[in-house]
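See below for the structure under consideration.
The values are calculated or read from the model by the stated rules, or taken from the named source; none is laboratory data. Remember, predicted model here, so these are calculated numbers, not experimental data. Counting neighbours? That spans all protein chains shown, and the Cβs are built from the backbone with ideal geometry, glycine included. SASA here: full protein model, heavy atoms, side chains in, ligands and nucleic acids out. Shrake-Rupley method; radii C 1.70, N 1.55, O 1.52, S 1.80 Å.
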Amino acid sequence: MVNPAFASTFDVDRDWVGTPLERVTVAGRIVSDTGDAADANDISPHDTTTVRRILDAIRGTTNSTVRFAQHHSGDRRHFHVRAVDTGGDDTDGYLHFITVSELERRALELVARVDRLERTLDVVTHDIMNPIEVARIRLEAAQETSEAVHFQKVAGALDRIEQLVSDVHSVSAGGIDPTDTVALGDAAESAWETVDTAEATLVISPDAPTIRADTDRLRQILENLFRNAVEHAGPDVTVTVDPIPDGFAVVDDGPGIPSEVGDSVFRFGVTTTPESRGLGLAIVDRIAREHGWRVSVVSPDSTSTDSNTGARFEFTGVSILT
């Protein structure tokens with residue numbers, strides 16, 4: 001059984017008697033077994049955890065406590081969870097969820113932000129060395145031969161460095177002003193012009209809505225999705241921007257995201273290709289959450305038997321004006 005406070009906090013049915021713990025899920029996930037450097041900003045509204053997993057995690061600690069977090073109405077809530085035995089063995093007892101105080105929550109998020117920035121710095125420090133080396137080698141070759149191709153490669157390396165710097169800024173920056181009136185179609189066209197889209201094609205639905213959003217940050221969402229489509233689906237990919245109930249969708253006709261990856265692709269460092277560092281979609285998720293939106297990815301096999309239906313990113317909770 002569960003008490004009324006737990007039922008209302010996690011929006012669950014109190015009548016759980018007889019249900020295996022493996023089937024009982026609550027919104028949120030274990031963010032740390034020890035309480036150190038939990039990345040609160042990785043918490044997604046799509047995360048769920050079984051009670052069995054929470055219990056097993058607690059039993060694996062020395063202090064019988066883990067920290068649990070959930071994304072709720074645009075905010076992150078944290079709980080300390082401890083197991084209390086009431087019998088002679090580990091089959092009798094209960095889980096006690098204790099709400100983390102506001103002050104402690106802010107401290108946890110500060111630690112999480114510093115941790116995220118340190119991990120981002122590690123990634124970029126490593127990745128930026130490759131285009132620097134390419135630029136150095138090509139510049140030496142250009143000085144010797146004066147061939148235009150070497151200057152083009154230097155320019156490409158500088159573009160890559162600029163993109164890495166932009167990604168770092170996106171991860172570290174916070175705060176938006178989601179009060180602009182933005183025509184989604186115009187924002188998509190503007191974003192498309194700033195991305196190296198090769199031979200790709202953009203299709204914007206004539207019914208694309210006008211929405212309430214931060215103009216610059218919405219463009220950043222679209223730029224990352226367009227770049228992601230070209231990198232993962234190929235230079236001739238077709239990308240479509242469509243309206244959906246309560247929001248909009250960005251869809252490509254590439255191979256899509258494997259169902260086993262699902263919404264975890266929005267977490268920092270998660271990627272389906274070795275060339276990517278898993279920053280782009282994490283930025284998309286962060287900006288969407290700052291708007292109060294929900295972004296989810298629909299895998300090809302969940303909507304169609306056609307394996308080429310591509311990746312579909314849906315944004316809901318959007319304020320649609322027209």
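Residue pairs whose Cβ atoms lie under 7 Å apart, sitting 6 or more positions apart in sequence or on different chains, and linking a residue in region 242-256 that is closer than 20 Å to GLU223 by Cβ and aliphatic (A, V, I, L, M) to a partner that is in a strand (DSSP E or B) and open to solvent by 20 Å² or more (accessible area, probe 1.4 Å), are ALA249/ASP242; ALA249/ARG312; ALA249/GLU314; VAL251/THR240; VAL251/ASP242; VAL251/ARG312.
Give the residue, chosen from THR48, THR62, that is loosely packed, with under 14 Cβ neighbours inside 10 Å and either modelled with pLDDT under 80 or touching a Pro at 6+ places or on another chain (Cβ under 6 Å) (or both).
The unique qualifying residue is THR62.
The sole residue among ILE283, ILE257 that is open to solvent by less than 50 Å² (accessible area, probe 1.4 Å), under 21 Å from HIS71 (Cβ atoms), out of contact with any strand residue (DSSP E or B) (no Cβ under 9 Å at 6 or more places or on another chain) and at pLDDT 75 or above is ILE283. Only residues that are without any contact (Cβ under 8 Å) to a residue 40 or more places away in the chain and of a type in the set (Gly, Ala, Ser): list them for region 193-241, please. Hits for region 193-241 are ALA198, ALA200, SER205, GLY234.
Kindly list the number of the only condition in (1) of a type in the set (Phe, Trp, Tyr); (2) open to solvent by 30 Å² or more (accessible area, probe 1.4 Å); (3) modelled with pLDDT under 85 that fails for TRP192. Against the list (1) of a type in the set (Phe, Trp, Tyr); (2) open to solvent by 30 Å² or more (accessible area, probe 1.4 Å); (3) modelled with pLDDT under 85, TRP192 comes up short only on (3).
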